[in-house]
Amino acid sequence: MSTQIPIIEQDKKVEKSGTIGRHTLRLDGESKVTGTVAYTDDLPFEGYYAEVIRSNIPHGEIISISTEAAEAIPGVVAVVTGDDLKNADWISPYVGPAFRDQPVLAIEKVRYVGEPVAAVIAERPDIASLAATEVVVECNKLRSVTDVNRARKKTAPILHESGDSAAVFEDLATVHRSEEPNVAYTYELKVGDIEKGFEDADVVLEGEYATPMVQHTHLEPFVTVASYNVSNNSFKIITGNQTPHFVRREIARIFDIPSSKVEVEVPQMGGAFGSRTYVRIEPLVAALSRVVEAPVKLRQTSSESFDTSVRDGTQTRVKTGVTNDGDVIAQEVEVIWDSGAYADISPRKVKKAGYTAPGAYDIPNVKVVSKSTYTNKPPGVAYRGFGVAQTAWAVESHMDDVAKEIGMDPVELRIRNITQDGGTYNGVPIEPHGAPQCLQAVIDEVDWFGSELKPEEPKRSHIKKGRGVAVTLKATITPSTSEAIVLLDCDGSVNVITGGTEVGQGIITTLAQITADGLGIGIEYINVNTPNTNSAPFNTSTTSSRSTFHLGNAILRAIDELKGQLIDIVVEKQGIESKEVTVEGGLVKSPLGEESIGSVVSSYFVGGGGTLIGKGYFSTEASSGDRYASAFWMTGATYAEVSVDTRTGKYTIDKWVNSADCGKAIDPIRCEGQILGAAVQALGHTMSEEMVFESGQQVNKSLLDYKVPAIGDVPKVSKVIVVESGDPNGPHGAKGVGESNTVTVPPAIGNAIQNACGARVTELPITPDKVLKAIEEGI
Amino acid sequence: MMDNYIEATRHEIKFILNGEECVIEIPANLTLVELLRQELRLIGTTEGCGVGVCGCCTVLIDGKVVASCLELAVNVDGKVVLTIEGLADTYQDSEFHPLQDSFREYEGFQCGYCTPGMLMASKALLDQNRDPSDDDIREFLSENICRCTGYDSIIEAVKSAAKEMNA
């Protein structure tokens, strides 16, 4: 832990736009502060409007859906039900990235309250809304199950009898349905000899921890426009989606048309956080458009987002064997995921988050069992942190419980066991990741070992102060592919085309910075295109904080190729050796002189213009067996300081420090924004956010009742530390930074509360009633 | 009855929108955000939660902060409405309002969906308090949700704009 931690000097001034490591005004900034930016719903639209009719029971057989009254309303064009899709020869009506278990509209059965059962298409949105209330769905209620433990019993109602593997992704190629009732997929990891590890341990401690379902609450609801063109059997889909190429593939597959006949355009998105991954409402809107052979728009309400995609709840059991000296020598983690009614990407989540369930620690003997479980609830999908937020809540809380048990400082325990840069993890070598540096950064910032919190004065002795820390190690999606096209015009300006989507993270500007630097030109000459699958080359996803790393690398390769072409042109023109020619600062330089890159392009083509095209492909390699390789590792740490009122259980966060390793900050201010943004989102998961279900129905399905952090909830004393460990494979050493603190905030706060008053709250969110109960029960 | 519901009674309203008089006939059940976005194609005002909680659709009516998703459009008859599209024009002859510049400088936005509402609420704050403290800003912006930034950059941006406007 003696390594010098590179922490960047934060410079809030814009000095030289486009320069790597300097703050650059976002290219989409002007449009966003003037309100001229266009989200999907803002685009001009002529066509029909849809409204979805949803199941009001958690589990049932559909007996009948009566649509006549709705269809009789003037302005209603059609009412579509699962029956219309089930027997149609124009659609395979099941979708999903891992298993094709989710129908576009419920077919024969409904499996959760809020599941789309039918859709009304009308000339106006208000007519569609009214008509939707006239559709009557009659169901035969089935027994439902909303608890993951009950769901796995032999007597439990079964949600899915079978499920076809989607066979799209290599890392899910071996994913198969589990034999256990309602278990979609089980991942197991065994490292070393777990039994011997526990035998050799001086202390063995067990704990159980839980997280509820939560929702992304991106402020722009789901909006999709689909236009079916009957003349050539093609679709245009405009949608806020993080995976346009997957949407294209899935739409092409379900309608059995070539993917070139599916154009997916992604405008700016009003937040996503994983919610807009794979397919959401796109197949439904495409099907509706196919039925009426006209453009259809579906704009859901923000309440309907809770019906569409959520974060899995978890129940986690951790058992740890530790020596009296504080060496963690064995750890067993069992995570049961409440994945809702459809698997979506849960198998990958279960595997990937399962792999790092033992936290950021190098433990010689490990056993992980991680199970995705079907329940009669909305489907769990990707959410910032991709499962690690849930597993880390368990393991990082547990580490403090272990420290307490053996009488060791919890930070000392972490330092002793943390996996080192260039060390091993789960028994195999791990690439440099920066976890020790992130931990060191927060404990140095607060002088953890050299300071103590000052207790309250005696008359306020009911207020107890405490502090806590958490650290994380998280993988990124691997393998994956990103491609980029860099178009150099004869005036020296550049268009960058990728499938990277702008969800708010600033990827457009980050890619422009990388391009500007690569060609040595000003960022004002660069345009980064809005993704459209008709022109954009493949990109696996804008998820997993992968874009700077993967798209950045693809762009660097495209620029290299472009430079090679520029050199070839000059070599041929001047009859010199290619090694004598260089491209830098926007100029092609040779012993015979220098020429601007635009002018070289101009000289090469005739007819009033020309475009030189550089392309770059970047793919990462798959892992083998039960290991999960990662193209890079996300790491971060949080320190939290709390005051707990032991009479009420209410607590305040007096100070917090969040660090995350970005490898190299392409733009330090944007990295800070990702770190704090992730932390505050997790503050909501810590303090208030929970989808509350009663009899299978969510009862707080609105921002009125589902409380996300407001400005006054954020700790006033705050420090964000951008750690730059330099990723060996990242563009300029950069890697993703958007998720680490979504993981570390809840356990850091939980640990601080325990440190303050001895109360261990094991289930998120940490509400005052739970704190008070834990205090009273002396947990 | 059904037809009556769809075709609500129509009213002509006259109000000042971003400095210009606007006369329009609208159905009685139209909300202000629907009037702005659908009838007038002013898309800068976004609609988030639709229940008056998130603050995305914040506009100023006679200088006061209003959630336009809860306000019936007929209620702005005779009033002065300011939306994000009119914000820059309220400040001297500059192209942008200082808040717009400072939100860019400090990245007081990410996805931008809450930004028009956040900017309008911030303008209302600066209209009544030229030199707000951090706590003044927290209090005044408490009904504007941002899910991306973590808010600190918004506080910095508002303070910076105040400084610029007082210079």
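Quick note: the coordinates plus some simple rules give every number you see, no bench work behind them. These numbers come from a predicted model, not from an experiment. Glycine also receives a Cβ, built like all others from the backbone with ideal geometry; neighbour counts cover every protein chain displayed.
For A:Cys438, A:Cys662, the sequence from fewest to most other C-beta atoms within 10 Å is A:Cys438, A:Cys662.
Taking the square roots of five times each eigenvalue of the Cα gyration tensor of region A:387-499, the equivalent ellipsoid has semi-axes of 43, 21, 14 Å, listed largest first. Evaluated over the Cα positions of the protein assembly as shown, the convex hull gives a direction-averaged projected area, one quarter of its surface, of 41.5 nm². Neighbouring Cβ atoms from other chains, within 10 Å of the Cβ of residues in A:302-315, number 1 on average. Projection of the Cα convex hull of region A:651-752, averaged over all directions and equal to a quarter of that hull's surface, yields 8.4 nm². Please check which bits of region A:352-369 a label hung off A:Glu188 would reach, taking the label as a point 7 Å along Cα-to-C-beta and the cut-off as backbone N under 20 Å. Counting only backbone N, you get A:352-358, A:364-369.
Label separation (A:Glu123 vs A:Ala88): 2.3 nm, computed from points 7 Å beyond Cα along the C-beta direction.
Label separation (A:His462 vs B:Phe96): 5.0 nm, computed from points 7 Å beyond Cα along the C-beta direction. Over region A:38-129, the fraction of Cα-Cα pairs per 10 Å bin, rounded to whole percents and listed from the shortest bin up, is 16, 39, 35, 10, 0.
Sorted from greatest to least, the principal axis extents spanned by the alpha carbons of region B:88-166 come out as 33, 24, 17 Å.
Counting Lys and Arg as +1 and Asp and Glu as -1 over every other residue whose Cβ lies under 11 Å from the Cβ of A:Asp126, the net charge comes to -3.
In what sequence, highest mean first, do A:148-155, A:508-515 appear when ranked by Cβ atoms within 10 angstrom?
Working: A:148-155: 15.1, A:508-515: 25.6.
The most tightly packed comes first, giving A:508-515, A:148-155.
With a cut-off of 18 Å on the backbone N, the residues of region A:367-385 near the modelled label site 7 Å out from A:Glu195 along Cα-Cβ are A:367-369. Test of the criteria: in region A:412-467, which GluC sites (Glu not before Pro) are in a DSSP loop and have at most 10 other Cβ atoms within 10 angstrom of their Cβ? When the GluC sites (Glu not before Pro) of region A:412-467 are filtered for loop state and at most 10 Cβ neighbours within 10 Å, A:Glu452 remain.
Report, in deg cm²/dmol and to the nearest 500, the calculated mean residue ellipticity at 222 nm for chain A, where each DSSP H run with n ≥ 4 adds -39500 (n - 2.57) and the sum is divided by the residue count.
Working: 19 runs with 210 residues, N = 779.
After summing the helix terms and dividing by the residues of chain A, the value is -8000 deg cm²/dmol.
Centre-to-centre separation between the Cα atoms of region A:26-69 and those of region A:299-355: 29 Å. Remark: the A:Glu206-A:Asn233 segment gains 3.9 nm on full extension, using 0.36 nm per residue and subtracting the alpha carbon distance.
Once the C-beta distance of A:Asn324 and A:Glu431 is scaled by a Förster radius of 22 Å, the resulting FRET efficiency is 0.10 to the nearest 0.05.
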